[in-house]
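The structure appears below as C-alpha cells.
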Amino acid sequence: MSNYTVLHCHTELSNGTTNIDSVTKYEDYIKRASELGMKAIAITEHGNILSFLKKKECCEKYGLKYIHGIEAYLTETIDTKIRDNYHCCLYARNWEGVKELNKLISNSYNRNDNHFYYTPRILIDDLFKTSDNIIVASACLGGVFNKGNDKVKKRMLDFFIKNKDRCFLEIQHHNVKDQIEYNKYLFKLSQEYGLKLVTNTDTHCLDKKHVKGRDILQRAKNIRFDNEDGWDLTFKSYDELIESYKQQNSLPMFVILEAMENTNRIADMIEEFTMDKSYKYPKLYDNSEDVLKQKINEGVIRTGIDKLPNYETEYLPRIYSELETYKHNGAVDFLLLDENIKTWGREHDIYPGYSRGSCSGSLICYLLGITDVDSVLHKLNFERFMNTERVSLADIDTDWQPNQREAIKDYVYSIEGLYCADIITFNTVALKGSIRDCARALKIDLSIVNDICENINDDNIESYREQYKELFEYVDIVNGTVVSIGTHPCGQVVSPIPLDENMGLLTLATCKNPVTMLNMKEIDSLNYVKLDILGLDNIQIINETCKLAGIERLTPQNVDDNDEAVWQSIKEDTLGIFQWDGSGSYYIKDLFSDETIKRIKEVYPDFRYIDLMACGNGAIRPAGASYRDELAQGIFRDNGHKALNDLLAPTLGYLVYQEQIIAFLNQFCGYTMGEADIVRRGFARFLAC
C-alpha cells in the first residue's frame, strides 16, 4: 500500500445545501488526486449530488474512477419536526446503486412530509432498507455514533453488524479532543463487533490558501461554523495523512494503516458505469406515426393548402420529405408532445407566439399548429431544423403570454406518463463582489477597492493582479464560487423515464416544482428533451388587444404584411416591437426611409417590408456591422455573379442568414441540404468562439 482513496470531500457545490461550505471546485480536487497517483475519488457534498455527471466526466479526464457518493443527513422521524440531522456517508456500488441513492436523496427533499427540515433528510428506517448496492460510512462527529441517544446508537450498531460487509466506521485525522475520543470509541466498537474502520478526511479545501479563501467568504456572508476550530480541512496526500495521524496519536499506527487500506477496498468494491445518452423523447401515443399522419391530414384541410395551385408540386413533396426525416430521426413523439401542449393552450384561450427559431422552416410544424408560419410561402428551409445527415435532438422554443406561462407549465406537469422538472442554475460570486469581499477581509482601504471595481476590465485586469498580488490571490479563489442555487427562468425537462433516480431532484422554497440536480449542459449531453417555455410581453399585448377590440387574433395568415401604413407607424415608434424597441428604433428610421425604399425597389421589385425588417434585425446585431450602414441606405452589394445576386436579392446582396449559407452550399457547391447544414453549424460554432 502506497496510497489511499479520498472518500469524504466537499466542493463549492455543497453550498447548494449549506452556507459557504467550500470555495474549492471539484476539478481542483480531482486534478490533485491524479497528480498524487490516486486511482479513485468520491465527492460527497452535503445533502446533494449536484453536477455528478460533470464530476464523473472530470474523473475520467484525469484517469480516476468516479465514486458516486454523498454525505447525507439522517433523521429518526418525520412525524414531528426534530432537528437531529445525523451525518452519514453513502456510496453507490454500481448503476443500480446510483439509481437507489439518487432516489433516496430526491425523497429527502420532500417539503410536504417533513423529510426536508432545515436540510434534506433520509429516514434512518429507509437507510436500513437499502440494498447491498449501497455502501455506508458513519461520517464525522455529526454522525449517529457521536450525536445520537442510546436507542438510535443501538439501532445503527445493529444495522452495521448485520451489514458489516458494506458498513464502515469512519475515523478522521483532526487533532482535536472530540475527534480523538471518537476515534477511540469507534476502534472499541470495531474490536468488539468485528466492524471495519475506514479513515476519511472530511476535506473542504484544496490547500491552506483555499482555507483562507473559504474563511474570507464566510466572514463576508456573516457565517461561522463554531465546531471547526482545530480541524484540518485540507486535501491530504498519503504521507501527509499518515503524519496527521502521528500527531493526533489517537490509535496505533497499524490500525490507521488498515483503515487507510480500507479506503482502497471500498474503491475496489465500486463498479464503473456509463450514462445512457440515447434520445429520451416522451411518448404520448402507442401508435405515434399513425396519429401524426392523421394530424397532418387535418392540418392540410384546416390551413387550406390543398386548395393552393402549388399543393401537388411543392407542398405535398415537402410533407413527405419532412415526415421521412422525422421518422428517421425518431422525433415523431416530440412533435406530438409539442402539438399536444399548444392544442391544450388554444383550447384554454392561451395562444403561443407565431414561431421562434429554426422550426419555422418545418411545414409539418405549421400543419400541426406548432407554428403559424407557412415555410413554403415564406421560402424557409427545413434542413436547418432537422435533416438525416445530422441526427440531433429536436428542440422547439415557444413564446407564451407571461401571465399564462405558469398555466402551460402546470399542464405539462399534469400530462400522464411524463416525468418533469425545472432546471437548476448556480448563483455565483461575481468578480467585483469577490474583490470587495476579499479586500474587506484583508483590510484594504475602501478608496482603493472602489477604484479597482470602477475601472477593472478584461484589458487591465492583469495589471491590477500584478499591483495587488495578495488580494487577487484570494479573489481568484473566491471569484465564481457557487453560493446558492436557483432555477432556469424557462427551462423544463420532460422525460419518459423517472428523473428522481436517473439524475436526482431537489426542491427549493422559491419553486413549487421539483428541480434537477444536473445543470443545463449535463441534461443536454444526456439527450433529455428540454422545453423552453418563454414569456414574451409582445405576445400578451397582441392577444389581449385583439380580445379587447373584439377582432380575430392576428396571425401571419390574416394580416397584410405589406400594409405601408403599418410600416410607417413602426418607423415612427418601435415601442413594443420585439428586439426593435431599444437602439434599433434609430436604425429603422434610416432603413425605412423613403430614399432607402426607393433604391431597394429599383433593384429588387419583389421587395417586401417584412423581408427588410428581418434583414435589418440581423444588421442591428454585432455580426451585422459589416453591412449595416450600406443596408440602411439601400445600397445593393453586387457579388459579381447573377445567380448569387439573385439568391441574396431579398437581403440586398448581403449574406445575413445562416439559411443563406445552406442555400449557397446546396445550389452552388453541390452539397445536399443536410450536408450544407453540417458546414453551417461549423460556421456558427466558429463565430461563437
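The values are calculated or read from the model by the stated rules, or taken from the named source; none is laboratory data. Bear in mind the structure is a predicted one, so any value in this text is a computation, not a measurement. All Cβ positions, glycine included, derive from the backbone under ideal geometry; neighbour counts span all protein chains shown. Just so you know, the surface numbers come from the protein's heavy atoms only, side chains and all, with ligands and any DNA or RNA stripped out. Shrake-Rupley method; radii C 1.70, N 1.55, O 1.52, S 1.80 Å.
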*Restricting to the range 474-494, what's the tally of residues that are within 30 Å of Asp338 (Cβ to Cβ), surrounded by 19 or more Cβ atoms within 10 Å (Cβ to Cβ) and among the β-branched types (Val, Ile, Thr)?*
3
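So which helices (runs of 4 or more DSSP H) stay within the range 140-252 end to end and still have 1 or more residues that are charged (D, E, K, R) and over 17 Å from Glu71 (Cβ atoms)? Before the answer, list the steps.
Working: elements: 144-147, 150-162, 177-193, 208-220, 238-248.
Once the helices (runs of 4 or more DSSP H) in the range 140-252 are filtered for at least 1 residues that are charged (D, E, K, R) and over 17 Å from Glu71 (Cβ atoms), what remains is 150-162, 177-193, 208-220, 238-248.
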*Subset of the range 259-296 [among the acidic types (Asp, Glu), more than 21 Å from Val391 (Cβ to Cβ) and open to solvent by 70 Å² or more (accessible area, probe 1.4 Å)]*: Asp268, Glu271, Glu272, Asp286, Asp290
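Each row is one residue, and each column tells you yes or no for (1) under 18 Å from Leu393 (Cβ atoms); (2) among the basic types (Lys, Arg).
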residue: Ala331; (1), (2): yes, no
residue: Lys342; (1), (2): no, yes
residue: His348; (1), (2): no, no
residue: Pro352; (1), (2): no, no
residue: Gly361; (1), (2): yes, no
residue: Gly369; (1), (2): no, no
residue: Asp372; (1), (2): no, no
residue: Val376; (1), (2): no, no
*Of all residues making up the range 340-384, the number that are part of a loop (DSSP other than H, G, I, E, B) and small (Gly, Ala, Ser)*: 5
*Specify the residue that is farthest from Pro352 (Cα to Cα); the eligible residues are those in the range 396-424 that are surrounded by fewer than 23 Cβ atoms within 10 Å (Cβ to Cβ) and among the hydroxyl-bearing types (Ser, Thr, Tyr).*
Tyr419
*Filter pass, Asn617 being farther than 27 Å from Thr388 by Cβ, of a type in the set (S, T, N, Q) and modelled with pLDDT of 90 or more*: no
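Looking at Leu471, Leu531, Leu506, which is the one that is of a type in the set (A, V, I, L, M), surrounded by 15 or more Cβ atoms within 10 Å (Cβ to Cβ) and touching a Phe, Trp or Tyr at 6+ places or on another chain (Cβ under 6 Å)? Spell out how you get there, then give the answer.
Working: Leu471 fails: touching a Phe, Trp or Tyr at 6+ places or on another chain (Cβ under 6 Å); Leu531 fails: touching a Phe, Trp or Tyr at 6+ places or on another chain (Cβ under 6 Å).
Unique residue meeting the criteria: Leu506.
Does Asp532 satisfy the condition of being under 31 Å from the mean Cα position of the chain (by Cα), under 30 Å from Leu393 (Cβ atoms) and not in a helix (DSSP H, G or I)?
yes
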*Any idea which of (1) surrounded by 17 or more Cβ atoms within 10 Å (Cβ to Cβ); (2) closer than 30 Å to Leu518 by Cα; (3) in contact with a Leu (Cβ under 7 Å, 6 or more places away or on another chain) is the one Gly299 doesn't satisfy?*
(2)
*Which residue pairs have Cβ atoms under 6 Å apart, sit 6 or more places apart or on different chains, and have a first residue in the range 565-586 that is over 11 Å from Met613 (Cα atoms) and at pLDDT below 85 and a second that is among the polar types (S, T, N, Q) and in a loop (DSSP other than H, G, I, E, B)?*
Asp581/Thr574; Ser585/Thr574
*Out of the range 302-315, which residues are open to solvent by 40 Å² or more (accessible area, probe 1.4 Å) and assigned to a helix (DSSP H, G or I)?*
Arg302, Thr303, Asp306, Lys307, Glu312, Thr313, Glu314
*Considering only the range 644-673, state which residues are within 19 Å of Ala632 (Cβ to Cβ), open to solvent by 50 Å² or more (accessible area, probe 1.4 Å) and in contact (Cβ under 8 Å) with a residue 24 or more places away in the chain.*
Pro650, Tyr657
*Can you give me the ranges of the strands (runs of 3 or more DSSP E) entirely in the range 1-105 with at least 2 residues that are open to solvent by 10 Å² or more (accessible area, probe 1.4 Å)?*
65-75, 86-92
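Can you find even one residue in the range 664-671 that is within 17 Å of Arg384 (Cβ to Cβ), out of contact with any Lys or Arg (no Cβ under 8 Å at 6 or more places or on another chain) and not in a helix (DSSP H, G or I)? Full working, then the answer.
Here is the first cut: in the range 664-671, the residues within 17 Å of Arg384 (Cβ to Cβ) are 664-667, 669, 671.
This time we only want the ones that are out of contact with any Lys or Arg (no Cβ under 8 Å at 6 or more places or on another chain), so: 664, 666-667, 669, 671.
When the remaining residues are screened for being not in a helix (DSSP H, G or I), the result is 671.
Yes - at least one qualifying residue is present in the range 664-671.
Going by the conditions given, is Glu261 outside any helix (DSSP H, G or I), closer than 30 Å to His173 by Cβ and either small (Gly, Ala, Ser) or at pLDDT 95 or above (or both)?
Details: outside any helix (DSSP H, G or I): no; closer than 30 Å to His173 by Cβ: yes; either small (Gly, Ala, Ser) or at pLDDT 95 or above (or both): yes.
Answer is no for this residue.
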*Hey, could you check the range 535-556 for residues that are of a type in the set (D, E, K, R) and assigned to a loop (DSSP other than H, G, I, E, B) and say which is nearest to Thr425 (Cα to Cα)?*
Arg553
*Kindly check whether there is at least one residue in the range 342-356 that is small (Gly, Ala, Ser), farther than 19 Å from Arg318 by Cα and surrounded by fewer than 22 Cβ atoms within 10 Å (Cβ to Cβ).*
yes
